[in-house]
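This report refers to the structure that appears directly beneath it.
The values are calculated or read from the model by the stated rules, or taken from the named source; none is laboratory data. Predicted, not measured: the structure shown is a model, and the values here were computed from it. A quick note on method: Cβ atoms are made from the backbone with ideal geometry, for glycine too, and the neighbour counts reach across all protein chains shown. Accessible surface is based on the protein model in full, side chains and every heavy atom, while ligands, DNA and RNA are left aside. Shrake-Rupley method; radii C 1.70, N 1.55, O 1.52, S 1.80 Å.
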Amino acid sequence: SQDERQRVVSVIGHETAHMWFGDLVTMRWWDGTWLNEAFATYMELLVTDAFEPRWDIWSTFGIDQAAAMATDSLRASRAIEFPVGRPDEVQDMFDVITYDKGAAVLRMIERHLGEDSFRKGLHFYLDKHRYSNTDTTDLWDALEVASGQPVKATMGTWVDQAGHPLVSAELTADGTGLQISQRRFLLDGSTDNDQRWVVPISVRYATTDGAIEHEQLLLDEASTTVALKGDPAWVVVNEGAWGFYRVYYADDLRERIFASLSQLDGRERLRLANDTWSQAVAGLLPLGTPLELWSLLSDDRDPDVWWGIGNGLGLLDLVAAEGELQAVAETTRRLTSGVFDAVGWQPGGEEAPRLARLRARLVTLLGTFGADSQVRADARQRLADADAGRAPLPPDLATAVARVVAAGGGPEEWDVLYSHYKDAGTPQDEVRYLDALGGFPQPDLLRRSIELAFSGEVRSQDAPFLVAGILARREGSAVAWEAIEQRWDEMIERWPSKSLHRVLESLPGLVSAGEGFADRAFAWLDAHPLGLGERRVLQARERLAINLAFQRRVAGRLGPVLGAPNPGAA
């Protein structure tokens, strides 16, 4: 599939980049791990984009940025670079903060300095320190020499402290300026911090007479004001979505940007959707605000924008009261059916590569959260046709079809997907059908899947992901948690120690089992400290607490918001 081919190219690019970032020049100690891994991630994106520009890999990286920002929005996050003294602290470095936040802040400073200056700085850094060891400050020194800008003062605030800012934007009283301020963004909605960053801000706006204007600045204080060259029809703060920060727009600016979505590129629309949703989870915006935006984006053709919408729908599916699930499903169908009708099931002859990813994403949304009976029937039929040799299943649809068959299936479908797993001819097929076995709605079938994970039929490095997938889903969270409690010693004995935290990272899914189950899980985790990967468990616990707080605010009140003709009014 497209995703699998992109992954192959990215991994080759990443590992080859270590010839320079890691081998030619090596970090002095483990606290500088990001000098290896963030740079290799940044380089993999550059070379993949050069190899196949039609994949628009930088837009897809917006998903990885969003995942890093979600972790970095927690109190249990960490700085990109921190002192390392024990082996388990080394293991903590290999996470989304090192790889994805690290790559994102490199891209942010590259965009701010300019490609030429950044490239010259890297050349100077690699040439000066070849066959030797470096600290992060050596990199900042090289970039300062090349650009003449205060890179050390800027980037130190991004590498040496956890978190990222919420940049708020509002028009001045007379409408001639844009007031911009910053504070740390936390998903729990709290504001009890005085952290500051040196934030590279890039603003694009259109004046009412049609001119497009740009402003670039470094926000190094709590707030500043940018003079505008005319009354803005719309304003985009964080142009290109390269900055590793969220943006909160005052109501009038939000209305203007919502009315001008066609002026934003795919990365900017994804970031707007993700920022808006995250602020709703944190209680900074009413739930109706992201619902309004999703409705305005319902004809979007960017697959990554639909990832952002699907991310929000997934949490609504988890926190909704039982009687509200139909409203979540109806909302999913209302949002996706129009663009899916236009895209259809059948790939065209020479269609754009990203259209195949869009089709798969829409099929998945409609067939899972959307509970669309026709899409589920079509998925079963297409899998049956492929099995009978009547029509091959397009590679880009294989994972989507497997997940949809499971979501609407029963014992017969479990047997079918299990046979596909056992008879898989490629590692990709094996993984996709194993994952699908965790997506059934019936607890007894999920227990079968859990038994499979412990049976010895599944590789020990794959089995934890099957249990994690069940724990993450509404129908499976309680079933999976009971299995974890009962079989923890067996998991420790059977599975690699580095994989155990992978299971527990799905803990936020327990919100669907209720407060009592969450309290039970917290008590159990207190009695069973993990050691290796404990920081990720702390992050998962915090995410569960945030999900529970969000559920207390919205569950039981979703119907009017989801069903309102104008969700923004709710």
Report the gain in length on full extension from HIS123 to ALA523: 0.36 nm times residue separation, minus Cα-Cα distance, nm rounded to one decimal. 138.8 nm
Given a 1.4 angstrom probe, what's the average accessible area per residue across segment 427-570, in square angstrom? 42 Å²
Given only helices, namely DSSP H runs of n ≥ 4 each adding -39500 (n - 2.57), what is the per-residue ellipticity at 222 nm of the chain, to the nearest 500 deg cm²/dmol? -18000 deg cm²/dmol
Taking only the Cα atoms of segment 466-519, how large is their convex hull per residue, in Å³? 68 Å³
Just for the Cα atoms in the chain, what are the lengths along the principal axes, largest first, rounded to whole Å? 66, 58, 53
Please report the net charge: other residues with Cβ closer than 12 Å to the Cβ of SER260, K and R +1, D and E -1. +2
Inter-label distance for GLN346 and SER260, nm, one decimal - labels placed 7 Å from Cα along Cα-to-Cβ: 4.2 nm
Computed over segment 110-227, the Cα gyration tensor eigenvalues, each multiplied by 5 and square-rooted, give semi-axes in Å (largest first) of 32, 21, 10
Of all alpha-carbon pairs in segment 459-552, indicate the percentage at a distance above 15 angstrom. 56 percent
Mind checking the full-extension length gain between ALA250 and GLU412? Use 0.36 nm per residue of separation minus the Cα-Cα distance, one decimal, nm. 53.1 nm
Partners for LYS128 among aspartates and glutamates (Cα-Cα distance below 17 Å; same-chain residues under 8 apart left out): ASP23, ASP138, ASP141, GLU144
How large is Rg/Rh for segment 188-253, to two decimals, with Cα atoms and a Kirkwood Rh? 1.00
For segment 490-544 and segment 179-242, write down the distance between their C-alpha centroids in whole Å. 38 Å
Probe radius 1.4 Å, ligands and nucleic acids ignored: give me the carbon and sulfur share of the accessible area of the chain as a rounded percent. 50 percent
How far apart, in nanometres, would the label points at ASP444 and ILE12 be if each is projected 7 angstrom from Cα along the Cα-to-Cβ direction? 4.9 nm
Can you return the aspartates and glutamates within cross-link range of LYS101? Criterion is Cα-Cα under 12 Å, with same-chain partners fewer than 8 residues away left out. GLU37, ASP64, ASP72, GLU81
Computed Rg/Rh of segment 348-408, alpha carbon atoms with Kirkwood Rh: 0.97
To check you understand DSSP bridge types, tell me what percent of the beta bridges within the chain (both residues inside) are antiparallel, rounded to 5. 75 percent
Any idea what log10 I(q)/I(0) is at q = 0.12, 0.16 Å⁻¹ for segment 286-411, Debye with uniform C-alpha scatterers and no solvent? -0.44, -0.77
Going out from 0 in 5 Å bins, what whole percent of all Cα-Cα distances in segment 377-527 drops into each bin? 2, 10, 19, 22, 18, 14, 8, 5, 2, 1, 0
Within 12 Å, Cβ to Cβ, of PHE118, how many net charges do the neighbouring residues add up to if Lys/Arg are +1 and Asp/Glu are -1? 0
